[in-house]
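A.B. asks: Here's a structure for you.
The values are calculated or read from the model by the stated rules, or taken from the named source; none is laboratory data. Computed from a prediction, not measured in an experiment: that's the story for all the values here. In this analysis, Cβ positions are derived from the backbone assuming ideal geometry, glycine residues included, and neighbour counts consider all displayed protein chains.
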Amino acid sequence: MAQKTAQLSIDGHSETITLPVHTGTEGPDVIDIGKLTAQGYFTYDPGFVSTAACESSITYIDGDQGILLHRGYPIEQLAEHSNYLELCYLLINGELPNAEQQSTYVDTIKHHTMVHEQLRFFFNGFRRGAHPMAILCGVVGALSAFYHDSLDIDDETHRQITTNRLIAKMPTLAAMSHKHASGQPFMYPRNDLSYAANFLYMMFGNPCEEYVVNPVLAKAMDRIFLLHADHEQNASTSTVRLAGSTGANPYACIAAGISALWGPAHGGANEAVLKQLNEIGSVKNIDKFIKRAKDKDDPFRLMGFGHRVYKNYDPRAKVMQQTCHEVFAELGVEEDPLLKTAQRLEQIALEDEYFVERKLYPNVDFYSGIILKAMGIPVDMFTVIFATGRTPGWIAHWNEMISGPYKIGRPRQLYKGPTKRDYADIKTR
Ligand code: SDX
């Protein structure tokens, strides 16, 4: 089939510029602007609203239809039939594992969950009140100091062991961040527990008594990890790719992704949703906050609503809402006032024309915080859990980029500063 092209004619530019158009297996065609610089132009797209920064085969999102596919599998089917480690395998390897591959993978991850004993001393450098995300940024970046034996990013076996180490150790480091903040002793991972159950054990267990993980909460935790596993070229994943494009080691790249995720416009939204629901307090105050969200002069935004891509319901939010009801039923807290406020807020927002015309629907963060709070997870751990869940996505995108041809990411700009001028001696200023 003949190469599709786009014709660009620019006032004052003598000839029309012909640009190649590429077609993917799903989603919009892309116009390849690579040769525009040679023609004396850059494109301008702050926030990359209309820019495809790379080619990828991992995750596909259709924002208008509310579709999310991981290697072609719909998130709803994965949430119902799969589990988090199976999804990690799928994201990284491209295919669902067979029984033998799954068993080997689970065993491999289990035997990498411990961290180097020396790493424990890093935590002592943080004040007890330090935010767990600050701790996680620090200790994940520090992991590269412990694995000099496998930092050759061009060596596939080094990439494989690093991938397994990061997925295996994130829950351990996350739980250690919590234990340090709470002043409790660290709990060593247990290989007889599933990935999510082990995380809850390391979070809530203590050396003085046996801690039995509630299987309903373990399943909910597994599903929360699963729903956060990957999401195409979001801000933190793009940060990991950009850091990786310089040849930085994967631990440094993941630490960069954790930092980007922390912002309240991105992964920090789940913590911000809980703080906002507490600030709203009760259903009777909702109108005041909806009014503020609609006020152009007020920077206030309804956290957990809106999305750069989804202009329909975030499919993860629907699954999260179902999980919310399962957890609340198990804990016998269906009447939780926060849940009531959240449900009423959602109902009002979905009927309000400001939100309807801007297609602002609840996103993945809207219900996740409510579930995590009901499970006893401290609010400042919510984004740490998002980062733990997102690790396979980050590392899959890093692997995808590094294992093929890539260039260092180096955007340009529209310069609006002073034109050339000569230095003025201080006596003349
Ligand atoms: C995540 O990219 C990903 O995939 C991210 C993520 C992932 O899995 O990696 O899905 C995870 O980050 C989910 C989003 C979590 N963030 C929040 O819940 C924070 C609240 N949401 C907003 O900050 C906002 O909706 C964004 C940042 C999520 C999206 O912002 P956009 O796409 O840049 O949209 P915008 O800021 O241009 O807003 C468009 C309009 C504006 O109004 P107008 O100027 O057109 O009049 O909608 C308004 C905005 O003021 N708006 C909101 C709003 N979100 C957008 N108004 C009130 N409350 C909100 N939450």
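A.B. asks: Can you find, within the range 176-208, the residue that is surrounded by the fewest Cβ atoms within 10 Å (Cβ to Cβ) among those that are among the aromatic types (Phe, Trp, Tyr) and part of a helix (DSSP H, G or I)?
C.D. replies: Across the range 176-208, the extreme among qualifying residues is 204.
A.B. asks: Within the range 61-74, can you find the residues that are in a loop (DSSP other than H, G, I, E, B) and under 18 Å from the mean Cα position of the chain (by Cα)?
C.D. replies: Residues satisfying the conditions are 63, 66, 71.
A.B. asks: Is it true that some residue in the range 106-118 is surrounded by 15 or more Cβ atoms within 10 Å (Cβ to Cβ), of a type outside the set (S, T, N, Q), in contact with a strand residue (DSSP E or B) (Cβ under 8 Å, 6 or more places away or on another chain) and modelled with pLDDT of 95 or more?
C.D. replies: no
A.B. asks: Show the residue pairs that are 6+ apart or on different chains and have beta-carbon atoms under 7 Å apart, the first residue being within the range 261-290 and in a helix (DSSP H, G or I), the second being near the ligand (Cβ under 8 Å from one of its atoms) and of a type in the set (Ser, Thr, Tyr).
C.D. replies: 261/236
A.B. asks: Among the residues of the range 303-323, which ones are within 10 Å of the ligand (Cβ to nearest atom), among the hydrophobic types (A, V, I, L, M, F, W, C) and outside any loop (DSSP other than H, G, I, E, B)?
C.D. replies: Across the range 303-323, the qualifying residues are 305, 317.
A.B. asks: Here are the criteria: (1) without any contact (Cβ under 8 Å) to a residue 60 or more places away in the chain; (2) away from the ligand (no atom under 15 Å from the Cβ); (3) within 30 Å of residue 44 (Cα to Cα); (4) under 24 Å from the mean Cα position of the chain (by Cα). Tell me which single one residue 362 does not satisfy.
C.D. replies: Condition not satisfied by residue 362: (2).
A.B. asks: Looking only at the range 345-373, count how many residues are among the β-branched types (Val, Ile, Thr) and buried (at least 23 other Cβ atoms within 10 Å of the Cβ).
C.D. replies: Restricting attention to the range 345-373, the residues satisfying the condition of being among the β-branched types (Val, Ile, Thr) are 348, 356, 364, 370-371.
Those still in the list that are buried (at least 23 other Cβ atoms within 10 Å of the Cβ) too: 364, 370-371.
Looking only at that region, the number is 3.
A.B. asks: Sticking with this structure for a sec: Taking residue 333 and the conditions (1) assigned to a loop (DSSP other than H, G, I, E, B); (2) surrounded by 15 or more Cβ atoms within 10 Å (Cβ to Cβ); (3) in contact (Cβ under 8 Å) with a residue 40 or more places away in the chain; (4) not small (Gly, Ala, Ser), which numbered condition does it fall short on, given that it satisfies the others?
C.D. replies: Single failed check for residue 333: (2).
A.B. asks: Follow-up question, since we're still on this one. What number of residues in the range 25-41 are assigned to a loop (DSSP other than H, G, I, E, B) and β-branched (Val, Ile, Thr)?
C.D. replies: 2
A.B. asks: Now a separate question. Does residue 216 satisfy being in contact (Cβ under 8 Å) with a residue 40 or more places away in the chain and either more than 16 Å from the ligand (Cβ to nearest atom) or not in a helix (DSSP H, G or I) (or both)?
C.D. replies: So residue 216 fits the description; yes.
A.B. asks: Out of (1) without any contact (Cβ under 8 Å) to a residue 60 or more places away in the chain; (2) more than 16 Å from the ligand (Cβ to nearest atom); (3) part of a helix (DSSP H, G or I), the odd one out for residue 350 is which?
C.D. replies: Against the list (1) without any contact (Cβ under 8 Å) to a residue 60 or more places away in the chain; (2) more than 16 Å from the ligand (Cβ to nearest atom); (3) part of a helix (DSSP H, G or I), residue 350 comes up short only on (2).
A.B. asks: List every residue pair whose Cβ atoms lie under 7 Å apart, where the two residues are 6 or more positions apart in sequence or sit on different chains, the first residue falls within the range 40-61 and is more than 24 Å from residue 13 (Cα to Cα), and the second residue, located anywhere, is within 10 Å of the ligand (Cβ to nearest atom) and of a type in the set (D, E, K, R).
C.D. replies: Taking only residues 6 or more apart or on different chains, the pairs are 58/230; 59/230; 59/232; 61/232.
A.B. asks: Any residue in the range 123-137 that is on the phi < 0 side of the Ramachandran plot sitting within a Cβ distance under 6 Å of a residue that is of a type in the set (Asp, Glu) and not in a loop (DSSP other than H, G, I, E, B)? List the pairs, counting only those 6 or more apart or interchain.
C.D. replies: As it stands, the answer is 131/380; 132/380, since those pairs meet every condition given.
A.B. asks: Another question, then. Working only within the range 284-302, note down all residues that are under 26 Å from the mean Cα position of the chain (by Cα) and either more than 10 Å from the ligand (Cβ to nearest atom) or among the aromatic types (Phe, Trp, Tyr) (or both).
C.D. replies: Result: 300, single match.
A.B. asks: Still on this model: Restricting the range 265-283 to residues that are of a type outside the set (Asp, Glu) and within 21 Å of residue 229 (Cβ to Cβ), which is nearest to the chain's Cα centre (by Cα)? Outline the logic, then answer.
C.D. replies: Of the range 265-283, the ones of a type outside the set (Asp, Glu) are 265-270, 272-278, 280-283.
Imposing the further condition that a residue be within 21 Å of residue 229 (Cβ to Cβ) reduces the set to 265-270, 273.
Details: 265: 11, 266: 8, 267: 6, 268: 10, 269: 11, 270: 11, 273: 16 Å.
Among them, the one singled out is 267.
A.B. asks: Any chance the range 226-242 includes a residue that's more than 11 Å from the ligand (Cβ to nearest atom), in a loop (DSSP other than H, G, I, E, B), within 25 Å of residue 82 (Cα to Cα) and within 21 Å of the chain's Cα centre (by Cα)?
C.D. replies: No, every residue in the range 226-242 fails to be more than 11 Å from the ligand (Cβ to nearest atom), in a loop (DSSP other than H, G, I, E, B), within 25 Å of residue 82 (Cα to Cα) and within 21 Å of the chain's Cα centre (by Cα).
A.B. asks: Still on this structure: In the range 23-57, what residues are surrounded by 11 or more Cβ atoms within 10 Å (Cβ to Cβ), under 19 Å from residue 308 (Cα atoms) and of a type in the set (A, V, I, L, M, F, W, C)?
C.D. replies: Across the range 23-57, the qualifying residues are 30, 48, 52, 53, 54.
A.B. asks: Take residue 77 and decide whether it is without any contact (Cβ under 8 Å) to a residue 12 or more places away in the chain and either more than 25 Å from residue 241 (Cα to Cα) or in a loop (DSSP other than H, G, I, E, B) (or both).
C.D. replies: So residue 77 fits the description; yes.
A.B. asks: Out of 377, 395, I need the residue that is more than 10 Å from the ligand (Cβ to nearest atom), touching a residue at least 60 places away in the same chain (Cβ under 8 Å), under 24 Å from the mean Cα position of the chain (by Cα) and in a helix (DSSP H, G or I). Which one?
C.D. replies: Numbers: 377 fails: in a helix (DSSP H, G or I).
The conditions single out 395.
A.B. asks: Can you tell me which condition residue 281 does not meet? The list is (1) more than 9 Å from the ligand (Cβ to nearest atom); (2) on the phi < 0 side of the Ramachandran plot; (3) surrounded by fewer than 19 Cβ atoms within 10 Å (Cβ to Cβ), and all the others hold.
C.D. replies: All conditions are met except number (2).
A.B. asks: Which of (1) farther than 25 Å from residue 77 by Cα; (2) away from the ligand (no atom under 16 Å from the Cβ) is the odd one out, the single condition residue 329 does not satisfy?
C.D. replies: (1)
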